[in-house]
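S.K.: Take a look at the following structure, please.
The values are calculated or read from the model by the stated rules, or taken from the named source; none is laboratory data. Predicted, not measured: the structure shown is a model, and the values here were computed from it. Methodologically, a virtual Cβ is constructed for each residue, glycine included, from the backbone with ideal geometry; neighbour enumeration extends over all protein chains shown.
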Ligand code: PLP
C-alpha cells in the first residue's frame, strides 16, 4: 500500500470517535478503512455505545480527561499524519478538543459532524461541531447534518451546494455535503475555499447494509489526504471507496437491521 517508508513503516492516522459494539460504524469502521489504505490506525474513544444493526441501546460518553489522556499519549509518541473526528459525545469533549486545536497541537483533521444515528439516538451536538469548525481541514456533513448546523432544511443539490459554501466560510478549507441520505441518485457537493464548488454525481447502490457509511467516507477522505491527495482528488477517491464497500456488502446477511460495509 501507498505512503510507506523504505523500511515498510506505514503512515499513521488517528480516529477520535465512538465505539460501535456491532463493528459497523464509528471507531471500528474507521480503523478498517485506515487499514484498507495501508495506514496504521490509532484511536481515541469518545464514547462507548451498546448497539447492533437494529439500533442503539446505550451511549456512555467518556469523561474529557479520559479523552485527553488517550490523545496526549498517542500524540506524544506517534507521528500522526491525519485525524478523523467523529462522535463528540459531550459538550465537554468538544471543548477540550477545540482547546487542543486552537493551541495548534492537533494534526490536520477531517470533521464528521455525527449528530444522530440512523435509528434516532443522539450522539453529539451541533454546538460542539461548531466549536471545532474553525480548525477543521474538511467538514463532511450529510444533508440532514448540514441542515442541523445551519438551522434550515438542506434537501436539494442546489441547497447542499449553498450550504457547503456557507459552512466553509466558518473556517474549514473545504466542506463536502454528502447526498447519500437524500432520495434518488446520490450527489455530493464540495466547496473548496479559493477553488469553488463542484458536484460529484453517482449511482445509488441498492442495499440495506448502510451502517457506517458516513464514518467510512470521512476516514477514507482523511486517509487519502494523508497519502498526499489534494482535497477534490481525495473526495473522489473516498466516494469510490464507499461505493465499493457498499457494493461489496450488498448481499450480506449480518443482523436484522442495517448491516456493515465491506471496507
Ligand atoms: N455509532 C457510532 C459510534 C457512530 O460514530 C455513528 C456514526 O456516525 C453511528 C453509530 C451512526 O451510524 P448509522 O447512522 O450508520 O447508524
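S.K.: Return the residues of segment 8-34 that are free of Cβ contacts under 8 Å to residues at least 60 places away in the same chain and more than 15 Å from the chain's Cα centre (by Cα); say none if nothing qualifies.
M.R.: Matches in segment 8-34: 8, 9, 10, 21.
S.K.: I would also like to ask the following. Looking at segment 68-79, which of its residues are closer than 14 Å to residue 101 by Cα and in contact (Cβ under 8 Å) with a residue 24 or more places away in the chain? Steps first, answer last, please.
M.R.: Just the residues of segment 68-79 that are closer than 14 Å to residue 101 by Cα, to begin with: 68, 71-72, 75.
Matches in segment 68-79: 68, 71, 75.
S.K.: With respect to the numbered conditions (1) near the ligand (Cβ under 10 Å from one of its atoms); (2) within 23 Å of residue 137 (Cβ to Cβ); (3) touching a strand residue (DSSP E or B) at 6+ places or on another chain (Cβ under 6 Å), which one is the sole condition not fulfilled by residue 28?
M.R.: With respect to (1) near the ligand (Cβ under 10 Å from one of its atoms); (2) within 23 Å of residue 137 (Cβ to Cβ); (3) touching a strand residue (DSSP E or B) at 6+ places or on another chain (Cβ under 6 Å), residue 28 is out only on (2).
S.K.: Taking residue 44, is it free of Cβ contacts under 8 Å to residues at least 40 places away in the same chain and at negative phi?
M.R.: Values: free of Cβ contacts under 8 Å to residues at least 40 places away in the same chain: yes; at negative phi: yes.
Yes; evaluated as a whole, the condition is true for this residue.
S.K.: To continue, here is another question. Does any residue of segment 231-241 turn out to be over 17 Å from the mean Cα position of the chain (by Cα), without any contact (Cβ under 8 Å) to a residue 40 or more places away in the chain and either under 21 Å from residue 24 (Cα atoms) or within 16 Å of the ligand (Cβ to nearest atom) (or both)?
M.R.: No: zero hits.
S.K.: Looking at this structure, is residue 245 closer than 16 Å to residue 30 by Cβ, surrounded by 18 or more Cβ atoms within 10 Å (Cβ to Cβ) and touching a strand residue (DSSP E or B) at 6+ places or on another chain (Cβ under 6 Å)? Show your work before the answer.
M.R.: On the way: closer than 16 Å to residue 30 by Cβ: yes; surrounded by 18 or more Cβ atoms within 10 Å (Cβ to Cβ): yes; touching a strand residue (DSSP E or B) at 6+ places or on another chain (Cβ under 6 Å): no.
Taking the combined requirement at face value, the residue does not satisfy it.
S.K.: Tell me which of these residue 22 doesn't satisfy, since it passes every other one: (1) within 10 Å of the ligand (Cβ to nearest atom); (2) part of a loop (DSSP other than H, G, I, E, B); (3) in contact with a helix residue (DSSP H, G or I) (Cβ under 6 Å, 6 or more places away or on another chain).
M.R.: (3)
S.K.: Restricting the search to segment 151-166, which residues are touching a helix residue (DSSP H, G or I) at 6+ places or on another chain (Cβ under 6 Å) and either at pLDDT below 95 or part of a helix (DSSP H, G or I) (or both)?
M.R.: Here is the first cut: in segment 151-166, the ones touching a helix residue (DSSP H, G or I) at 6+ places or on another chain (Cβ under 6 Å) are 153-154, 160, 163.
Once the filter is applied, which keeps residues that are touching a helix residue (DSSP H, G or I) at 6+ places or on another chain (Cβ under 6 Å) and either at pLDDT below 95 or part of a helix (DSSP H, G or I) (or both), segment 151-166 yields 160, 163.
S.K.: Within segment 162-180, which residues are touching a strand residue (DSSP E or B) at 6+ places or on another chain (Cβ under 6 Å) and farther than 22 Å from residue 127 by Cα? Please lay out each step first, then the result.
M.R.: At the first step, the residues of segment 162-180 found to be touching a strand residue (DSSP E or B) at 6+ places or on another chain (Cβ under 6 Å) are 163-165, 167-168, 172, 174-179.
179 - this is the single residue of segment 162-180 that is touching a strand residue (DSSP E or B) at 6+ places or on another chain (Cβ under 6 Å) and farther than 22 Å from residue 127 by Cα.
S.K.: Something else about it: Quick check, is residue 228 surrounded by fewer than 15 Cβ atoms within 10 Å (Cβ to Cβ), at pLDDT below 95 and assigned to a loop (DSSP other than H, G, I, E, B)? Break it down stepwise before answering.
M.R.: Details: surrounded by fewer than 15 Cβ atoms within 10 Å (Cβ to Cβ): yes; at pLDDT below 95: no; assigned to a loop (DSSP other than H, G, I, E, B): yes.
Judged against the criteria, residue 228 is not a match.
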